[in-house]
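Right, one structure below, let's go through it.
The values are calculated or read from the model by the stated rules, or taken from the named source; none is laboratory data. Keep in mind that this is a model prediction, so the values were computed, not measured. Virtual Cβ from ideal backbone geometry, glycine too; neighbours counted across all protein chains shown. These area figures cover heavy atoms from the full protein model, side chains too; ligands, DNA and RNA do not enter into them. Shrake-Rupley method; radii C 1.70, N 1.55, O 1.52, S 1.80 Å.
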Amino acid sequence: EPKEIVEPKLETKDKNGDGKPDVWLYYNEKKEHVRSEADRDYDGRPDYWRYLKDGKVFKEEGDIDLDGTIDMWVFYDEGKKVKAERDTNKDTKPDMFVYYEADKMAGLEKDTDFDGKIDEVVGKIPSK
C-alpha cells in the first residue's frame, strides 16, 4: 500500500514590511522546524538556507555575493559552529576554511592560488 506523502508545513515572514515573504520556515509532519530560507537582499529569491535536526542547526548555506550560486557553507556539531567554507573565486569549490571552537574562530586555511592545496594557515587547525 503506498505511503501518503506528507508535504512539509510552511510559515512565511515579511521582515522588511513590503508585503512579500522574505523568510520561509519549514516544518515536518511532527511540527519540528527543519529548514529556513531567507531572502537577505529582498529580491524575492532565497539566498540563505539553514537546516535543523532535533531543533539544532547542523548546516547553513548562503549566496554571499548574491550571484545565484551558493558560496558559503557552515557546519555545526550539536548546534555549535565548527567549520565554515567559502568559495571566494566563483569556481563552486571552497577555497577558504574557517574552524571554530566554542563558537569562536580558532583557525583559518586558505588556498590563495586556487590549485586545491592550502597555501596559508592562521591559528589552530584541527587534525584531519
Legend entry - Search result, residues across the stretch 113-127 that are touching a residue at least 24 places away in the same chain (Cβ under 8 Å) and either under 17 Å from Ile64 (Cβ atoms) or part of a loop (DSSP other than H, G, I, E, B) (or both): Phe114, Lys124, Ile125, Pro126
Inset, instruction - Would you mind stating whether Tyr42 is assigned to a loop (DSSP other than H, G, I, E, B) and among the hydroxyl-bearing types (Ser, Thr, Tyr)? - result: yes
Inset, instruction - Just give me the residues in the stretch 71-93 being modelled with pLDDT of 95 or more and open to solvent by less than 50 Å² (accessible area, probe 1.4 Å), in sequence order. - result: Asp71, Met72, Trp73, Val74, Tyr76, Ala84, Glu85, Asp87
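Condition (residue is under 18 Å from the mean Cα position of the chain (by Cα) and of a type in the set (Ser, Thr, Tyr)) applied to the stretch 2-20: is it met by at least one residue?
Initial filter on the stretch 2-20 (under 18 Å from the mean Cα position of the chain (by Cα)): none.
There is no residue in the stretch 2-20 that is under 18 Å from the mean Cα position of the chain (by Cα) and of a type in the set (Ser, Thr, Tyr).
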Inset, instruction - Could you check, for the stretch 98-112, whether at least one of its residues is touching a residue at least 12 places away in the same chain (Cβ under 8 Å), charged (D, E, K, R), within 17 Å of Lys59 (Cα to Cα) and surrounded by 17 or more Cβ atoms within 10 Å (Cβ to Cβ)? - result: no
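Hey, does the stretch 46-65 have a residue that's over 16 Å from the mean Cα position of the chain (by Cα) and loosely packed, with under 11 Cβ neighbours inside 10 Å?
yes
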